[in-house]
1. So is residue 93 more than 17 Å from the chain's Cα centre (by Cα) and modelled with pLDDT under 95 or not?
2. Can residue 111 be described as assigned to a loop (DSSP other than H, G, I, E, B), of a type in the set (D, E, K, R) and at pLDDT 95 or above?
3. If we scan the stretch 170-180, do we find a residue that is part of a strand (DSSP E or B), at pLDDT 95 or above and under 22 Å from residue 142 (Cβ atoms)?
4. Name the residue that is nearest to residue 206 (Cα to Cα), counting only residues in the stretch 10-61 that are hydroxyl-bearing (Ser, Thr, Tyr) and part of a loop (DSSP other than H, G, I, E, B).
5. Just to verify a result, which residue in the stretch 206-244, among those that are among the β-branched types (Val, Ile, Thr) and not in a helix (DSSP H, G or I), is surrounded by the most Cβ atoms within 10 Å (Cβ to Cβ)?
6. Tally up the residues in the stretch 245-264 that are under 17 Å from the mean Cα position of the chain (by Cα) and surrounded by fewer than 19 Cβ atoms within 10 Å (Cβ to Cβ), please.
7. For the stretch 20-50, enumerate the residues that are among the aliphatic types (A, V, I, L, M) and either within 21 Å of residue 254 (Cα to Cα) or crowded, with 21+ Cβ neighbours inside 10 Å (or both).
8. Residue 195 - would you say it is at pLDDT below 95 and of a type outside the set (S, T, N, Q)?
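The values are calculated or read from the model by the stated rules, or taken from the named source; none is laboratory data. Bear in mind the structure is a predicted one, so any value in this text is a computation, not a measurement. Every residue, glycine among them, receives a Cβ derived from its backbone with ideal geometry; neighbour counts consider all protein chains shown.
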Amino acid sequence: MLIAILLILMIYLYLIKPAGKKRKDKMKPFEEVYLTHRGFFNNIDIPENSLPAFAKTVRNGLGTELDVQLTTDNRLVVFHDQNLKRMCGVDKKLTDCSYEELQQYRLLDTEEKIPLLEEVLKLLKPDTPLIIEIKPEGDAIRTCEETVKMMKDRSNLYVMESFHPGVVYYLKKHHPEIIRGQLAYDMFADKENTDTFLTRFICTNLLGNCMTRPDFVAYDVNSKHNLSFLLCSKLFKAECVAWTVKNEDDLAYARKYYQQVIFDTFVPSDISERD
């Protein structure tokens, strides 16, 4: 019985083990600043994932995270939701739209449009730490490949991540030079999640790490008690990114288990915010 338990434990640890520590030094610039979530937004006059949100990030000397999706005419746009309804008031999937069609919509009744990734990259400074999230909507692998092509000849300081283990594996296999991260959270606590039990179990507990061997783990700060995450953080000393910190209590906790912090909704007390 003891041997069986030890064997199961060894298999479990093998499955969740992230990549080694050899590339952790490349993440140091991301540890030295806070990262804004979808830009430095307030969703009033500065919408999330908008050019003003990223401009404010730059003015404040911060890093940022953003979301990338692919339109029907192969344009990379920066937008979070699968559906346009929350941000644009239109009940339609973004991946069913062309870029030209998206130009008629505005973000949260402002004058801001959904930006192209290339527009955001031009706005950011070369040394602005940037986390690019490849959304699982649509053809995620193709979105990943198009993003890799766009970033190839650019000087931006960036890493890439995704909830989709297949995307992270694709980066490992085809573009190992890119620092890659596995996004995760407690899918069982998400009442809107429609994935199978097996998918939720594997993704929540980082069991796909054996396939992807991510350079960092980006784990929901509200799912912070997950055993697999804690083992990645403390046993394997993995590079860990906290998303999304929304108050000082979560920030204090994040500093114990994470090297990087993505925030929104509030401004950390040690930041002197510039408009």
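1. Working: more than 17 Å from the chain's Cα centre (by Cα): yes; modelled with pLDDT under 95: no.
So residue 93 does not fit the description; no.
2. Yes; evaluated as a whole, the condition is true for this residue.
3. Checking the stretch 170-180: at least one residue is part of a strand (DSSP E or B), at pLDDT 95 or above and under 22 Å from residue 142 (Cβ atoms).
4. Of everything passing the filter in the stretch 10-61, 34 is nearest to residue 206 (Cα to Cα).
5. Step one: of the stretch 206-244, the residues among the β-branched types (Val, Ile, Thr) are 212, 217, 221, 241, 244.
Now restrict to residues that are not in a helix (DSSP H, G or I): 217, 241, 244.
Details: 217: 25, 241: 27, 244: 18.
This residue is 241.
6. 1
7. Answer for the stretch 20-50, where residues must be among the aliphatic types (A, V, I, L, M) and either within 21 Å of residue 254 (Cα to Cα) or crowded, with 21+ Cβ neighbours inside 10 Å (or both): 27, 33, 35, 46.
8. yes
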